[in-house]
Amino acid sequence: MDNIWARIRAFLRRPFADDADEASVPLELPWQQNWDWVAKRSAGPGFTRRDYHEARERGMAIARATLGDDLWEQLQQEGYLEVPSGTYPGLTYRLRVGRRIEVRCADGTRSPWPYPYLCINPAYPLPDEEFFAQLYLYVRDRESEIIRTAAPQPWDQPLGRTF
């Protein structure tokens with residue numbers, strides 16, 4: 001029986017014919033590195049203009065695929081998406097690309113935070129739109145993580161680890 005499991009594991013680990021070239025490229029694990037040394041709004045030294053352009057293009061494609069055409073179009077037209085809180089009735093998160101989360105409260109609703117902006121930066125440099133899509137999913141589906149990790153801020157400003 002052990003022999004069968006070993007053969008199954010070996011089969012699952014082998015690359016597909018189409019993935020042979022990709023298998024030779026080492027897997028990137030950027031979250032395992034310390035990025036504090038990288039300048040804000042930068043991907044780090046060695047990133048060329050072309051690299052930034054390609055990364056931003058991929059980031060927009062990822063964001064559009066993640067959000068879907070309707071939300072992507074709404075974001076392009078309005079410049080933001082709003083996500084109602086599932087935890088705090090009357091509270092809405094306004095998300096804008098490359099900016100802090102704005103906490104908006106309906107009349108008579110009190111914010112659980114002392115300031116109207118929440119700051120969450122990615123662990124490593126990402127294109128603005130790509131991080132926006134991830135942040136949207138977290139606010140929509142894992143609000144408890146936003147509540148736990150966001151740093152309340154008195155003013156708005158660009159995020160530090162996006163470009």
Selection from the stretch 135-145 of residues in contact (Cβ under 8 Å) with a residue 24 or more places away in the chain and over 16 Å from residue 89 (Cα atoms) yields 135, 136, 137
Scanning the stretch 89-126 residue by residue, those touching a Ser or Thr at 6+ places or on another chain (Cβ under 7 Å) and at positive phi turn out to be 90, 98
Out of (1) modelled with pLDDT of 95 or more; (2) of a type outside the set (Lys, Arg); (3) under 17 Å from residue 134 (Cα atoms), the one residue 107 does not meet is (3)
Residue pairs within 7 Å by beta carbon, gap of at least six or interchain, first lying in the stretch 21-35 and within 21 Å of residue 127 (Cβ to Cβ) and loosely packed, with under 10 Cβ neighbours inside 10 Å, second of a type in the set (Phe, Trp, Tyr) and at pLDDT 85 or above, listed first then second, are 31/124
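Can you tell me which residue is farthest from residue 61 (Cα to Cα) among those in the stretch 104-133 that are free of Cβ contacts under 8 Å to residues at least 24 places away in the same chain and of a type outside the set (Asp, Glu)?
108
Where residues in the stretch 124-155 are part of a helix (DSSP H, G or I) and aromatic (Phe, Trp, Tyr), which of them is surrounded by the most Cβ atoms within 10 Å (Cβ to Cβ)?
132
The values are calculated or read from the model by the stated rules, or taken from the named source; none is laboratory data. Here the structure is a predicted model, which is why all the values come from computation and not from measurement. Cβ coordinates were reconstructed from backbone atoms using ideal geometry, including for glycine residues, and neighbour counts include every protein chain displayed.
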